[in-house]
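Below is one structure, written out as structure tokens; comments come after it.
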Amino acid sequence: MLTPDPYDQQALTDLRSWQQRMQRKPSLLNRFTRQLQSRLNALLPEKLHRALTATIQKMVEGVLFGSQHTTRQPVQQGTLAEREEQVRARIRNYRNAAAVEGGATGAAGFLLGLADFPLLLGIKLKLLFDIAALYGHDVRQLSERLYLLHIFQLAFSSQHTRRETYHQLADWPATGATATAETFDWRQFQQEYRDYIDLAKMAQLLPVVGAAVGAVANYRLLAQLGETAIMAYRMRLFAQAPESQPTIPPAALPE
């Protein structure tokens, strides 16, 4: 009988802890914040909601279509430790790039600060494409790109929506079998994302402090997305392996 790999065992332990956090019921503060955001969203005209949803949908679809042609081929060999060493290196690179971008647009003032939204969105989605490939998944498949969208939503949502999205990812064989771009809830996606980052990013539009706020906020948002992606792909890997153990061939990853 093979001795369990210590890295895999620790990864599984960390995953179980993360899964518990994802399934927690919303706290009193979470419920209050969600109610407040729902009331604020209700004040916006329906035409604006539809316009925002359509804009973000087209923006995301554009990145999803373009990135699938520029992402590396899925990596088929390597231990979990080897894969995640490269995943974390990739997260550091994107996190630093996002911090530079946030600092630059924040320092440039209000108008250029608004450009941070689509730029940051593109950086986040490209990071997810790279992580998917390092875990061995082919993002040319629609189901894999939809999985990425669910990871994105899991990272940047209220606890109420986070619980729903977590269960969809945990049961991905069933969810993925019926998920399509047409049935994806784009309105919920854009509202949850905007509500989540509004407080973190609003001060970026202010003079003087905008650069520092933009750099720190982008750095943290990319770190959070990367960690969520790691856990989501670990969950998928362990669920597919017998006795919750990963079965990745131990071979060196390509440079």
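Tabulated data for the structure shown
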| read-out | value |
| --- | --- |
| Solvent-accessible area of ARG50 with every protein chain in place, 1.4 Å probe, in Å² to the nearest 10 | 130 |
| GluC sites (Glu not before Pro) restricted to the range 124-186 and DSSP loop, no more than 11 other C-beta within 10 Å | GLU182 |
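The values are calculated or read from the model by the stated rules, or taken from the named source; none is laboratory data. Nothing here was measured: the structure is a model prediction, and the numbers come from that model. Ideal geometry is used to build each Cβ from the backbone, glycine not excepted, and the neighbour counts take in all protein chains shown. Calculation scope for accessible area: heavy atoms of the full protein, side chains included, ligands and nucleic acids excluded. Shrake-Rupley method; radii C 1.70, N 1.55, O 1.52, S 1.80 Å.
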